[in-house]
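Written below as structure tokens is the structure these notes are about.
The values are calculated or read from the model by the stated rules, or taken from the named source; none is laboratory data. Bear in mind that the values here come from a model prediction, so they are computed numbers and not experimental data. In this analysis, Cβ positions are derived from the backbone assuming ideal geometry, glycine residues included, and neighbour counts consider all displayed protein chains.
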Amino acid sequence: MSEILESGGKRQVLAEVDVLVAGSGPAGFAAALRAAQLGAKTLLVERFGYIGGMMTGAHVVAVLGMGDGSKTGPKVGGVLTELRDRLEPLGGITRTNADGDYWLDPELFKWQGVEMLREAGADLLGHALVCDPIIENGAVRGAFLETKQGRVAVRAKVTIDATADADLAFRAGCACDNQTHDVTLGFRLVGVDSARLEAFSKENPEQAEQLLAEAKAMNNGRLPGQGWYLKEVDVTDPAALTEAENRFRRDCYAALYFLRKNVPGYENARVADTLPQIGVRQSRRIRGGYTLTDADLRESRHFPDGIARLGSYLLGYALYGVPGLHYDIPYRCLVPEGLEGLLVAGRCISGDYLATNTLRLIVPCFATGEAAGVAAALAVRHGTEPRQVEIGELRRVLSQHGVPLDWVSVPPSAEAKKATPFMDE
Ligand SMILES: Cc1cc2nc3c(=O)[nH]c(=O)nc-3n(C[C@H](O)[C@H](O)[C@H](O)COP(=O)(O)OP(=O)(O)OC[C@H]3O[C@@H](n4cnc5c(N)ncnc54)[C@H](O)[C@@H]3O)c2cc1C
């Protein structure tokens with residue numbers, strides 16, 4: 001690849017804040033909410049026009065892992081409870097289970113999440129891409145944003161990278177691991193005449209099976225409208241991500257036009273829409289003061305700097321593969337190696353590949369976001385770096401906000417052990 005020199009230049013300082021949060025997914029939302037509630041002047045910056053990350057952009061609405069899979073154990077609290085209580089009276093919780101898990105209405109989250117931020121005093125700036133960190137004396141002190149009006153700067157005492165891909169930490173020079181996991185693009189199919197399809201399948205079972213199998217073969221084993229996974233996509237490479245998204249469309253339409261032509265019931269089927277964002281499961285993970293391992297989760301290890309105690313565990317795509325866990329996420333996983341002024345929250349915290357399969361769930365992302373928000377506010381209050389935040393105070397403030405930190409799991413009941421695991425789809 002050839003190179004070209006870009007001219008630098010002065011940038012307008014759009015804002016000077018205590019806490020800048022980059023990315024408004026579960027982690028960034030929770031971080032900004034808590035930091036603002038604790039009195040820090042907070043700005044949340046999001047590249048799209050709505051908040052919620054994968055929860056709204058890819059319709060990941062199942063908030064799973066609130067408990068430990070036993071149905072009787074304690075439940076995660078904090079921002080996750082505040083959000084549920086906020087949406088429930090509006091009809092925004094569409095399903096719950098005995099473990100405290102809930103399914104939410106993504107459109108109501110977009111609306112009410114912004115209201116919650118506003119009430120907490122946090123400012124939100126959408127349609128702005130957080131690009132490079134501002135680095136002063138080895139510490140991150142805000143970031144440059146790319147907007148339609150040009151490149152601007154936001155100065156901050158503490159910056160929280162909740163971009164899911166560790167964009168800021170990476171550009172600040174933090175060592176990162178980058179391993180992929182499957183990506184998925186959601187399609188909404190309409191116009192299938194199911195009565196006609198059923199009648200055809202009943203009268204011609206073998207032919208129907210054969211035709212549906214042919215269609216599935218064109219779309220990676222799934223009928224159009226059913227989710228499937230594309231492997232080995234480096235989601236930090238725009239060309240690879242573009243090709244993945246196009247591939248989902250190409251295969252879906254190939255199967256759809258085959259079905260429209262050959263299978264009664266599908267004549268008027270069409271794709272009503274695809275979800276706004278391609279679903280990304282894993283990418284960069286920072287190297288922090290501690291790297292949480294899969295063994296730490298499976299063996300329910302506790303840490304003196306635990307900022308969340310959780311019981312969910314994802315085995316492949318099945319949640320609660322090992323019920324009865326109660327592991328800690330240490331604060332050090334949020335603090336990047338060798339960088340001051342910066343915290344990382346969400347799926348890009350410091351964990352090994354297998355542990356991250358669990359840490360990327362919505363509940364851990366909220367939990368690390370909430371802890372980062374509290375830690376940032378405390379660092380600002382005491383005029384220290386996030387690394388120096390006093391753990392006792394951090395844990396105390398989290399507890400005061402309803403985050404349970406010291407429970408141990410009850411052994412799962414025979415009934416819970418038999419329970420069908422939820423699928424991460
Ligand atoms: C298909 C699929 C199904 C899943 N199913 C489940 C499930 O059933 N249950 C479950 O618990 N979890 C599930 N997950 C996992 C979960 O949804 C995500 O891991 C979680 O949302 C990650 O949260 P996050 O805050 O770290 O990042 P994200 O949700 O990805 O949010 C990151 C936010 O940052 C913004 N952003 C990124 N870069 C920048 C930038 N440079 N500048 C400004 N803004 C930026 C993004 O636009 C986004 O809003 C699923 C994931 C996928 C993809």
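I need a count of the residues in region 295-318 that are within 26 Å of Ala58 (Cβ to Cβ) and buried (at least 18 other Cβ atoms within 10 Å of the Cβ). Let's see the steps before the verdict.
At the first step, the residues of region 295-318 found to be within 26 Å of Ala58 (Cβ to Cβ) are 297, 308, 310-318.
Applying the additional criterion that residues be buried (at least 18 other Cβ atoms within 10 Å of the Cβ) yields 297, 308, 310-314.
Number satisfying all stated conditions: 7.
State which residue is surrounded by the fewest Cβ atoms within 10 Å (Cβ to Cβ) when the search covers only region 93-102 and only residues that are within 13 Å of the ligand (Cβ to nearest atom) and not in a loop (DSSP other than H, G, I, E, B).
Here the residue is Arg95.
If I ask for residues that are over 27 Å from Leu342 (Cβ atoms) and away from the ligand (no atom under 16 Å from the Cβ), which ones from region 274-321 would you list?
Selection gives Ala295, Arg298, Glu299, Ser300.
Would you kindly identify the helices (runs of 4 or more DSSP H) lying entirely within region 350-414 that contain at least 2 residues that are in contact with a Pro (Cβ under 7 Å, 6 or more places away or on another chain), touching a residue at least 24 places away in the same chain (Cβ under 8 Å) and of a type in the set (A, V, I, L, M)?
Details: elements: 353-359, 362-382, 391-400.
Correct list: 362-382.
Taking the residues in region 57-92 that are assigned to a helix (DSSP H, G or I) and more than 26 Å from Val280 (Cβ to Cβ) as candidates, determine which candidate is farthest from the ligand (Cβ to nearest atom).
So in region 57-92, the residues assigned to a helix (DSSP H, G or I) come out as 57, 79-90.
Add one more test, that the residue is more than 26 Å from Val280 (Cβ to Cβ), and what stays is 81-82, 85-86, 88-90.
Numbers: Thr81: 16, Glu82: 17, Asp85: 19, Arg86: 18, Glu88: 19, Pro89: 23, Leu90: 21 Å.
The residue in question is Pro89.
Residue-wise test of (1) crowded, with 20+ Cβ neighbours inside 10 Å; (2) closer than 23 Å to Ala240 by Cα; (3) of a type outside the set (Lys, Arg).
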| position | (1), (2), (3) |
| --- | --- |
| Val152 | no, no, yes |
| Thr159 | yes, no, yes |
| Val183 | yes, yes, yes |
| Leu197 | no, no, yes |
| Glu206 | no, no, yes |
| Ala215 | yes, no, yes |
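Please work out if Phe48 is assigned to a loop (DSSP other than H, G, I, E, B) and within 18 Å of the chain's Cα centre (by Cα).
Values: assigned to a loop (DSSP other than H, G, I, E, B): yes; within 18 Å of the chain's Cα centre (by Cα): yes.
Here the answer is yes, as Phe48 does meet what is asked.
Counting only residues that are hydrophobic (A, V, I, L, M, F, W, C) and modelled with pLDDT of 95 or more, which one in region 218-234 is farthest from the chain's Cα centre (by Cα)? Spell out the reasoning first.
At the first step, the residues of region 218-234 found to be hydrophobic (A, V, I, L, M, F, W, C) are 218, 223, 228, 230, 233.
Remaining after also requiring modelled with pLDDT of 95 or more: 218, 223.
On the way: Met218: 30, Leu223: 27 Å.
Per the stated criteria, the residue is Met218.
Which of the residues belonging to region 1-36 are crowded, with 24+ Cβ neighbours inside 10 Å and in a loop (DSSP other than H, G, I, E, B)?
Gly23, Ser24, Gly25
Show the residue pairs meeting these rules: Cβ distance below 7 Å; 6+ apart or different chains; first residue within region 94-115 and without any contact (Cβ under 8 Å) to a residue 24 or more places away in the chain; second residue part of a helix (DSSP H, G or I) and buried (at least 17 other Cβ atoms within 10 Å of the Cβ).
Filtered contacts from region 94-115: Leu108/Leu87.
For region 113-221, which fully contained helices (runs of 4 or more DSSP H) count at least 1 residues that are of a type in the set (Ser, Thr, Tyr) and more than 15 Å from the ligand (Cβ to nearest atom)? If you could, list the steps in order and put the result at the bottom.
On the way: elements: 167-171, 194-203, 205-218.
Correct list: 194-203.
Looking at Leu343 and the list (1) more than 28 Å from Trp103 (Cβ to Cβ); (2) surrounded by fewer than 19 Cβ atoms within 10 Å (Cβ to Cβ), which single condition is not satisfied?
Single failed check for Leu343: (2).
In region 37-56, how many residues are within 6 Å of the ligand (Cβ to nearest atom), farther than 20 Å from Arg141 by Cβ and buried (at least 21 other Cβ atoms within 10 Å of the Cβ)? Let's see the steps before the verdict.
Taking region 37-56 and keeping what is within 6 Å of the ligand (Cβ to nearest atom), we get 45-48, 53-55.
Checking which are farther than 20 Å from Arg141 by Cβ leaves us with 46-48, 53-55.
When the remaining residues are screened for being buried (at least 21 other Cβ atoms within 10 Å of the Cβ), the result is 46, 53-55.
Residues flagged as within 6 Å of the ligand (Cβ to nearest atom), farther than 20 Å from Arg141 by Cβ and buried (at least 21 other Cβ atoms within 10 Å of the Cβ) within region 37-56 amount to 4.
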